[in-house]
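One structure below.
The values are calculated or read from the model by the stated rules, or taken from the named source; none is laboratory data. These numbers were taken from a predicted model, which means no experiment stands behind them. Methodologically, a virtual Cβ is constructed for each residue, glycine included, from the backbone with ideal geometry; neighbour enumeration extends over all protein chains shown.
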Amino acid sequence: MVKKKVFVSFDHDNDRQYRNLLEEWNANEEFEFCFNNLSPNEIKKEDIPRVKEALVNKISQTTYTFVIIGKDSNKESKHKEDIGFRNWQNFEIAASKTNKNKLVGIKLDKKFDSPDELVGCGTKCAMTFTKEAIMKALKDA
C-alpha cells in the first residue's frame with residue numbers, strides 16, 4: 001500500500017495531543033497516510049517570514065492536508081497582520097489550496113467553528129477524531 005503524503009494543520013497551543021496521536025497512527029502500517037510535521041520548536045515563532053517559508057515548503061511536499069479543528073482553530077492571532085491571515089491554520093489552509101492539496105477537516109467537536117479558509121471549498125470532514133471517520137474522509141477527499 002502506498003501511503004498518502006499529508007500535512008497536518010493544528011493549533012500548536014491547544015491541539016498538539018491530537019497531532020501526536022496522528023503521529024502514532026502514522027507509524028502503524030494499517031494507516032494509509034504519512035505526514036510531515038513542522039514542530040514549532042524547529043524555528044522561532046516570532047520570525048514570521050521564516051515560519052511561512054518553512055510551512056509552504058512542507059506543504060509543497062504533500063498532496064493532502066488534515067486540518068484538526070479545535071475550539072480555537074479560527075481564533076484571531078495577535079500576529080494576524082504579519083501572517084496575512086486570521087491565524088496560522090488559515091495560512092496553512094490557504095497555502096494548501098494554492099498547492100492544490102485535497103483538504104480533510106477533522107472536527108474535535110461538532111460545535112467548533114472551522115477556520116475561515118476551510119469554509120466553502122469542498123472539504124471532506126471527519127466529524128469525530130476516530131480512525132474510521134478520518135480514513136473515510138481521506139478516502140472521500
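Give the residues of the range 74-94 that are within 16 Å of the chain's Cα centre (by Cα) and among the charged types (D, E, K, R), sorted by residue number.
LYS75, ARG86, GLU92
Which numbered condition in (1) loosely packed, with under 15 Cβ neighbours inside 10 Å; (2) more than 15 Å from the chain's Cα centre (by Cα) is the only one that LYS71 fails?
Failing condition for LYS71: (2).
Within the range 90-127, restricting attention to residues that are assigned to a helix (DSSP H, G or I) and of a type outside the set (D, E, K, R), which residue is farthest from ILE59 (Cα to Cα)? Lay out the reasoning, then the answer.
Kept after step one, since they are assigned to a helix (DSSP H, G or I), are these residues of the range 90-127: 90-98, 116-118.
Those still in the list that are of a type outside the set (D, E, K, R) too: 90-91, 93-96, 98, 118.
Numbers: ASN90: 13, PHE91: 11, ILE93: 9, ALA94: 10, ALA95: 7, SER96: 6, THR98: 10, LEU118: 16 Å.
Taking the candidates together, the pick is LEU118.
Matching residues to (1) closer than 22 Å to ILE48 by Cα; (2) surrounded by 13 or more Cβ atoms within 10 Å (Cβ to Cβ); (3) at pLDDT below 95:
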residue: HIS79; (1), (2), (3): yes, yes, yes
residue: PRO115; (1), (2), (3): yes, yes, no
residue: GLY122; (1), (2), (3): no, no, yes
residue: ALA126; (1), (2), (3): no, yes, yes
residue: GLU132; (1), (2), (3): no, no, yes
residue: LYS136; (1), (2), (3): no, yes, yes
residue: LYS139; (1), (2), (3): no, no, yes
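Right, LEU103: buried (at least 21 other Cβ atoms within 10 Å of the Cβ) and under 16 Å from LEU22 (Cβ atoms) or not?
Numbers: buried (at least 21 other Cβ atoms within 10 Å of the Cβ): yes; under 16 Å from LEU22 (Cβ atoms): yes.
Yes, satisfied.
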